[in-house]
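See structure below.
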Amino acid sequence: MKVRIKFEKTDHMRFIGHLDLMRYFQKAMRRADIPIKYSEGFSPHQIMSFGAPLSMGVSGLGEYMDIELKDESHISSKEAIDRLNSVMCTGMKITKFLQIPDDSKPAMALMDTADFRAEFKEHISQEKIKKAVDKLLSRESIFLTKVSKKKKKNEYGKFVEVETTNVTDIKPFIYKLEAVENGVFMHLSQGSTNNIKPAFVMDFLEEEGLEGAKRNKYCLYRLDMYTNEGKALDEYGCEII
Amino acid sequence: MRKLALSDDILLSVDKPARYIGGELNSRDKNLDDVDIRFVMCFPDVYEIGMSHIGIQILYDMLNRREDTFCERLFSPWVDLDKILREKNIPLFSLESQEAVKDADFLGITLQYEMCYTNILQVLELSQIPIYANDRGEEFPIVIGGGPCAYNPEPLAPFFDIFYIGEGEVVYDKLLDLYKECKKNNLSKNEFLLKAAQIDGMYIPKFYDVTYKPDGTIDKFTPKYDKVPSVIHRVVVQNMDTVSYLSKPVVPFIKVTQDRVVLEIMRGCIRGCRFCQAGNVYRPQREHSLEYLINYAKTMLDITGAEEISLSSLSSSDYSQLGKLLEFLLEYTKERGINISLPSLRIDAFSLDVMSKVQDVKKSSLTFAPEAGTQRLRDVINKGITEEDILNGSMEAFKGGWNKVKLYFMLGLPTETDEDVKGIPKLCEKIAKNYYSIPKDQRVGKISITASSSFFVPKPFTPFQWAKMETRDEYLRRAHLVKDTMRQQLNQKSMKYQYHDAEVTLLEGLMARGDRKIADVIVSAYKNSAMYDSWSDRFSMEYWNKAYEETGIDPDFYTLREREIDEVFPWDFIDCGITKSFLIREWNTAHKDKITPNCRQQCMGCGARKYNGGVCLESAN
C-alpha cells in the first residue's frame, strides 16, 4: 500500500539538510514501528521518497514524503500519526498519513507549484509592502539573470569551466504575489522546469525599495505544494481507518 | 521557537550548521531557573567525533537524571565558526540552552587523546574563560577533566580545577551534592575545592607543590595542606550490573563517525599486554550479565531507531557470554533490518561463523593485531597471539571464502631489533604462501594483505612506562626497512604497507609522560595556531617546534630518555589499582622475553584485587 505523509519541519529543524532528513525519518519509522516495506536485494532499505528538498534555513508547513507499507500489514492513519508524533523531536510534526492509489506518481514528480510566505523579522507597514509588490507586478517583465558554471570539453578534449549566462522573464511564473500582515505571500511555479525560488522574488522586492526583503531579514515558509491540476498533494489520498 | 545562539546568517554560512543547534532526539531540555547546577560536558573535538563517544552519552544521561542538574553538551567549533566567534566576539555556548558556557557551574572536559589538548585551550578561550585556573574568579565555572588522559593529568594541571580519576558513575553525585551545599552556604570556590579534595578520586592540582632535581626529574610532589591526600585513589564500579542503563541516547541529525548503538559489554581486560594503558588501568575485567545486555540492547535500539549496533570493550572475545549474546543479537536484528558491526574478534571457527552470518564475506576482511613481527617481540610485549594462531586462523578463513587480511603492528617497541622489524613482511609472506597452497579451484582470486604500523608510545601505568622512544629519523628508517623487505618477498604484489606519522607520535609521547612544565608548550603551540592536531590536514610541526624554542623545553628529555627504575613520575600520586612493584616485575620479565599468564589463567597479584570485582572474584583463581 502506498502512503503519503504530510509533515511540518520548523524551528531549528530548518537547518537540517535533505539527506539528514531522510536518515532522520528512516530511524523514526523504526522507532514508531511503522510496517514500512523494504527493498529487495543484498542491502534492503526502506521504500521512501520525498517531495522537493527545502533550502537550508527555510521552514516547511506542508512537506510530503511517500512510503510503502508491507503487504500484509494494516495501520490506521490516526494510529500511525500518533505513533510517529510520539517519537518526533521538537520542530517535526506529522499532520497527515493517507493512502494514495497504487499507480500514483511520487510526490517529487507531481509537484508543479508551491505557496510560500515570507515573514519580516522587523515590523513593516502593510502599506510599504503593498507599494513594493505593486511596483514589481507593474513591470512588463521581470528578468532574472542566472550565471551557471558548467564543465565542458574544449578543443583539446580537456574539461574546462565555462560560464553561461541565462536571462529569463520569470513574471509568467509568479502566479500570485500579495502583501499580507508583515509579510508576503507567493504562489510560484516549481518543478524541474521554471523553478522559481522565493528568494529571487524577494530580491526583486528589495530592488523595489523594500528594505526588509534583504536576505536574512525575513523568515521563509513553504506552506504547501500543488499538482498541475491545482490540487494540493494531500488531496489525492484518503484516510486509513 | 527554540532559542539559537547564532543568527541564521552565521548558521547558513558555516559547514554543517546542525553541529551547533542541538535539539536532537533525546537531547534534554530543562529550564535553567529550575535547576541548581548547570553542568556543561565538553568533548574537545568536532561534533561528529564527540557524538560518537559513548562515555559522553553515559555521563549526560546520568547527570540529567538528577532533577537539580542540567547537563548540556559542547564540542569544539570547527575552524570556520571558530573564526566567526572570534571576529564577532560571540561567547561559546552549550547546545541545549544555547547560553554562554562561562555562566555554567561546571565545565567538564573529557580527555580521550593527547592530541586534543590544544582544543581544550580553544574551548576555554572561545568561552571567554581564562585558560589558567589561577586566573579564574568566583564567577567562572569549575573546570573538571576526566577520561584516559587523566591518568597523567600533569601537562594540563594549570588549566583545570579538578581532575576526576576513575569511572564517572561512582562519585559525581557526591561531588554535585557537595557543590550544591557549598553554593547554598555561599562558600568560596576555594572552600568548595578543599572539601572536594576529601572525596575519593578528586585531584585538585593547585593544592600540590612539585619540586624538581637539578637533572630535571621530579624531586618531590607534596600536598600543600594537611587535609589534602597525598595519594589519589581511582574510583571503580564494583558490579557492572548496578550501573543503570544509558536510557535515552541522543540521536544526532548529521552523520557522525560512529552512527550506531554502542553496547558496552564489559570494562577492563584480562590480557595484560605490556604496551596497553587501557588494559592496565581499567583492571579488573568486569562483565555485564547477559540479561542486562539483552534488555539494554532492546531498549537502545527501540528508543533510537538505529540501523546498526556494535559491541564495545577491550578484547571482546574474552567476554564469557559472547556466543549467547551474539546469538540473541543475530536473531533480534534480522527481523528488524538492523546491521551488527562486529568488534575485532580472535579469528577461530566460532568468530568466522558469526562473521559469515553478519557480513558479506567477499567484502569484509580479516583483522589480526600481532603488534610485533617476531614471536620473541610478541613475548616481550605479552601479546598472547602466536604465529600459529594467525596462520591457522587465516587458513580457516581462506577456506571459508575470505581473501583480504589486515594486520596491525607497532614499530619502536622496547628491545626491538632489525630482525623484529623484518619479521613484519616475513609474516605477511607466510600468510600469502599459505593462501596459495590452497588448490586454485578452492580459493577466490588473489589475496590482499594490508599491514599497518604505528609507532609505539610508552604510557603511564604500563610496564613500559620506563621505556625510551626513538628519534623521528630512526622511526622512519624502521618503517622503510619494513617497506624494503616487503618488496623482496615473493608475493610482494599482494601486500600493502602503511605507517603513521612519526612527528605526531613523538608529540603524543611528550604529552603522555610530560610533567607540569609541558603546559607552557601547549599554550605556546596554541598561540602559534596549533589546533585540531589529531587532524592530519590541520597538524603542523612548525607550531610545536616554535613552542619548544619559545619555552626552552627540550622534548627529547621526555621522549628519548629511558627512565631510572626509581625515578619519581609525574603520575605517581595516582593509585589506579595495579602497583608499581607489579609494573617493575613486568618490565623485568619483558626483558627476559617471557610472557605472563592472563587473569583467567593465574592471578599475578597486580593490585586490582582490592576492588573486589569482576574476574578477581572468579573462583578458579
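In table form, for the structure just shown:
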item: Isotropically averaged projected area of chain B, using the convex hull of Cα atoms (one quarter of hull area), nm²; result: 28.7
item: Fully extended contour minus Cα-Cα distance, from residue B:480 to residue B:324, at 0.36 nm per residue; result: 51.7 nm
item: Of B:102/B:517; B:102/B:180; B:406/B:493; A:146/A:231; B:180/B:224, pairs whose Cα-Cα distance is over 22 Å; result: B:102/B:517; A:146/A:231; B:180/B:224
item: Dipole of segment B:350-500, positive end: most advanced residue of B:361, B:391, B:421 [Cβ charges, Cα centre]; result: B:361
item: Extension gain (nm, one decimal) between residue B:227 and residue B:184, 0.36 nm per residue minus Cα-Cα; result: 13.2 nm
item: Whether segment A:122-216 is rounded, prolate or oblate, judged on the alpha carbon gyration tensor where a/c under 1.5 counts as rounded; result: prolate
item: In segment B:414-464, trypsin sites (Lys or Arg not before Pro) in a DSSP loop with at most 14 other beta-carbon atoms within 10 Å; result: B:446
item: Those residues of segment A:197-212 whose amide nitrogen sits under 19 Å from the label point placed on residue A:135, 7 Å along Cα→Cβ; result: A:199-212
item: Contour minus Cα-Cα distance for residue B:255 and residue B:548 (0.36 nm per residue); result: 101.7 nm
item: GNM top mover of A:31, A:14, A:222 - chain A, alpha-carbon springs below 10 Å; result: A:31
item: Charge sum, other residues only, whose C-beta stays under 13 Å from residue B:212's C-beta, Lys/Arg counted +1 and Asp/Glu -1; result: -2
item: On Cα atoms only, tilt of B:322-336 relative to the major axis of chain B in degrees; result: 80
item: Magnitude of the charge dipole, the protein assembly as shown, Cβ model with Lys/Arg +1 and Asp/Glu -1, debye to 20; result: 1780
item: Selection from B:457, B:445, B:490, by position along the positive dipole direction of segment B:350-500 (Cβ); result: B:445
item: Nearest-ten-degree value, helix B:472-487 long axis tilted from longest Cα axis of chain B; result: 30
item: Residue-count net charge about residue A:146 - beta-carbon cut-off 13 Å; Lys, Arg +1, Asp, Glu -1; result: 0
item: Sequence-distant lysines (8 or more away, or on other chains) whose Cα lies within less than 17 Å of residue B:184; result: B:174, B:195
item: For segment B:257-404, size of Cβ-based charge dipole, Lys and Arg +1, Asp and Glu -1, in debye; result: 360
item: Cβ-based exposure ranking for A:37, B:459, in which fewest neighbours within 10 Å come first; result: A:37, B:459
item: Given chain B, longest segment not containing exposed loop GluC sites (Glu not before Pro) (DSSP; at most 12 other Cβ within 10 Å); result: B:140-561
item: Cα gyration tensor, the protein assembly as shown - rounded (a/c under 1.5), prolate or oblate; result: prolate
item: Rounded to 10°, Cα long-axis angle of helix B:580-591 versus longest principal axis of chain B; result: 30
item: About the Cα centre, charge dipole magnitude for segment B:8-230 (Lys/Arg +1, Asp/Glu -1 at Cβ), debye; result: 480
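Computed from the coordinates by the stated procedures, all read-outs in this text should not be read as laboratory data. Just so it is clear, the structure is predicted and the values come from calculations on it, not from any experiment. Virtual Cβ from ideal backbone geometry, glycine too; neighbours counted across all protein chains shown.
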